[in-house]
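A.B. asks: First, the structure itself, so that you have it in front of you.
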Amino acid sequence: MVCRICNSEAVRELPIEANVHFRGGNALNTPALLLFPRISFCLECGFAETRICERDLKEVRKLDALASGANQIRPTASVS
Ligand SMILES: [Zn+2]
């Protein structure tokens with residue numbers, strides 16, 4: 001594998017632990033999400049990238065919606 005930033009061949013894929021914190025108006029009531037993806041690291045320039053599996057992506061979408069309050073009914077502004 002070659003780094004797509006610096007073209008170095010010093011790229012290694014390693015497992016990591018990622019604790020995902022969500023942002024939004026309801027973030028304090030949204031649990032963090034632990035993920036264990038494999039990440040490709042370039043040992044020359046530090047570029048890193050990953051792709052998470054569909055199961056984890058579903059959890060990210062669900063918790064992101066919860067944190068942002070997307071599933072809640074928001075009060076509408078009144079016009080007087
Ligand atoms: Zn690189």
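The values are calculated or read from the model by the stated rules, or taken from the named source; none is laboratory data. Bear in mind that the values here come from a model prediction, so they are computed numbers and not experimental data. Backbone-built Cβ (ideal geometry, glycine too); neighbour counts: all protein chains shown.
A.B. asks: Out of curiosity, is Phe41 touching a helix residue (DSSP H, G or I) at 6+ places or on another chain (Cβ under 6 Å) and either away from the ligand (no atom under 16 Å from the Cβ) or not in a loop (DSSP other than H, G, I, E, B) (or both)?
C.D. replies: So Phe41 does not fit the description; no.
A.B. asks: Moving to a separate point now. Give all pairs with beta carbons closer than 6 Å in which a residue from region 47-70 that is within 30 Å of Asn7 (Cα to Cα) meets a residue that is assigned to a strand (DSSP E or B) and polar (S, T, N, Q); count only pairs at least 6 apart in sequence or on separate chains.
C.D. replies: Listed by first residue and then by second, the contacts come to Glu49/Ser40.
A.B. asks: Among the numbered criteria (1) more than 16 Å from the ligand (Cβ to nearest atom); (2) out of contact with any Pro (no Cβ under 9 Å at 6 or more places or on another chain); (3) aliphatic (A, V, I, L, M); (4) outside any strand (DSSP E or B), which single criterion is violated by Ile52?
C.D. replies: It fails just one condition, (2).
A.B. asks: Being over 12 Å from the mean Cα position of the chain (by Cα), farther than 12 Å from Phe47 by Cβ and β-branched (Val, Ile, Thr) is the filter here, so list the residues in region 1-37 that pass it.
C.D. replies: Ile16, Thr30, listed by residue number.
A.B. asks: Could you list all residues from region 10-33 that are more than 19 Å from Thr50 (Cβ to Cβ) and not small (Gly, Ala, Ser)? Don't jump to the end; show me each part of the working.
C.D. replies: Going residue by residue through region 10-33, those that are more than 19 Å from Thr50 (Cβ to Cβ) are 23-31.
Arg23, Asn26, Leu28, Asn29, Thr30, Pro31, listed by residue number.
A.B. asks: Okay, moving on. If we scan region 68-75, do we find a residue that is at pLDDT 95 or above and surrounded by 13 or more Cβ atoms within 10 Å (Cβ to Cβ)? Give the derivation first.
C.D. replies: Applying the first criterion (at pLDDT 95 or above) to region 68-75 yields none.
Checked against the condition, which is being at pLDDT 95 or above and surrounded by 13 or more Cβ atoms within 10 Å (Cβ to Cβ), region 68-75 yields no hits at all.
A.B. asks: Which residues, taken from region 1-24, are at pLDDT below 95, surrounded by fewer than 13 Cβ atoms within 10 Å (Cβ to Cβ) and within 27 Å of Ser68 (Cα to Cα)?
C.D. replies: Once the filter is applied, which keeps residues that are at pLDDT below 95, surrounded by fewer than 13 Cβ atoms within 10 Å (Cβ to Cβ) and within 27 Å of Ser68 (Cα to Cα), region 1-24 yields only Arg23.
A.B. asks: How about region 1-38: which of its residues are away from the ligand (no atom under 11 Å from the Cβ) and in contact (Cβ under 8 Å) with a residue 40 or more places away in the chain?
C.D. replies: Val20, Phe22, Arg23, Gly24, Gly25, Asn26, Ala27
A.B. asks: Looking only at region 1-15, count how many residues are part of a loop (DSSP other than H, G, I, E, B) and touching a Ser or Thr at 6+ places or on another chain (Cβ under 8 Å). So that I can check it myself, show each step before the final result.
C.D. replies: Start the filter on region 1-15 by keeping residues that are part of a loop (DSSP other than H, G, I, E, B), which leaves 1-10.
With the extra rule that they be touching a Ser or Thr at 6+ places or on another chain (Cβ under 8 Å), the set shrinks to 1-2.
Of the residues in region 1-15, 2 are part of a loop (DSSP other than H, G, I, E, B) and touching a Ser or Thr at 6+ places or on another chain (Cβ under 8 Å).
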